[in-house]
1. Using a Gaussian network for the chain with springs between C-alpha atoms less than 10 Å apart, which of these wobbles most: Thr63, Thr304, Thr41?
2. If you build a Gaussian network model of the chain, linking Cα atoms that sit under 10 Å apart, which residue out of Arg290, Arg194, Arg149 swings the most?
3. Run the numbers for Asp150 and Ala136: contour at 0.36 nm per residue of separation, minus the present Cα-Cα distance, in nm.
4. Calculate, in nm to one decimal, what Asp263 and Gln276 gain on full extension: separation in residues at 0.36 nm each, minus their alpha carbon distance.
5. Would you compute the Debye intensity of segment 28-184 from its alpha-carbon atoms alone, equal scatterers and no solvent, and pass along log10 I(q)/I(0) at q = 0.18, 0.19, 0.21 Å⁻¹ to two decimals?
6. Taking Rh as the Kirkwood radius, which is the inverse of the mean 1/r over Cα pairs, what is the Rg/Rh value for segment 215-324?
7. Any chance you could get the radius of gyration and Dmax over the Cα atoms of the chain, in Å?
8. Hey, for a label at Glu217 modelled as a point 7 Å past Cα toward Cβ, could you say which residues of segment 247-270 have their backbone N under 14 Å away?
Amino acid sequence: MTTPATILLAPMEGLLDFVLRDILTRVGGVDRCVSEFIRVTGAVLPDRVFLRYVPELLTGSRTAAGTPVRPQLLGSDPASLAGNAAALARLGAEGVDLNFGCPANVVNRHGGGAALLDSPELLFDIVRAVRQAVPAHLPVSAKMRLGVRDASLSVECAQALAEAGACELVVHARTKTDGYRPPAFWEQIPAIARAVAVPVVANGEIWTVDDALRCREASGRQALMLGRGIVADPGLAWALRAADGQAVPAGVSWERLLPHLDDFWAVISHHFPGRQRVGRLKQWLNLLRRRHPEAETAFQSLRTLTDPHDVDAWMDRLRAAEPA
């Protein structure tokens, strides 16, 4: 029997945090999550900061559904990153991931994220320092883009990461300059994969099963990392597994998704202040309407609401309308 392909849940600052990790892994189909980046600028961060980003550290580095979560660090100083990686290991992290892919200017101006892809030697130093700082059994992985302006250093960067001790590379198939504009250049990934002796995971612009299959064909990679696509379609991982011939649960219809939307509202209501929690619900519904027409109706009915009590009332009506 063919081993099922790995499906990872992407880190996305301001979107795919511990709340959506919880909900999306309850829906299922994902093998492992990576947290949104934890920025390191100097000293070792206090435990409360790690726990704010990755509360799953308190539950064996797993979501409530049992899916492993690997914290991700972002920074440019090898010693600082090594110290913080050691702290994560002490807290029981499933592994440590390193961010060399964030395209945000506010991050890149300080030498973090994708800006480091102009410096393969520094990538090597960072990964080697982190690898040496954590126990040998603990995975150290990395996420990279194709480069800053072009892909001319992509192979050299990947080789630096792998030779320094990264056990897995996720390649977001766009440059920093590309940002999140389509397309993703999946055809650039095979050259990277041929150049390293560690698993390479393809990422970028995977919204549908058809996208995933085209990505696999162009990249030569079976393992995929899903980001905005699985937020818009929480059943995407299961649908992809079904396309691979696996026996999977029934498709994630809008009716099946409604209890998860209810759970999402309950979790953010516990953790976030008023207007912020309303904004988070609208943010998810805005993406869900790409896949579910019913989400368009829900989004429009909530669009002008700002008071959480009004949303509570709307959720009560939604629950009352759910089929038994």
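Coordinate-derived values only; no laboratory data. No experiment lies behind these values; they were computed from the predicted model shown. Here the Cβ is made from the backbone with ideal geometry for all residues, glycine too, and neighbour counts use every protein chain on show.
1. Top of the fluctuation ranking is Thr304.
2. Arg194
3. 1.6 nm
4. So the extension gain works out to 3.0 nm.
5. -1.05, -1.15, -1.34
6. Rg/Rh: 1.04.
7. Cα-based Rg and Dmax for the chain come out at 19.6, 59 Å.
8. none
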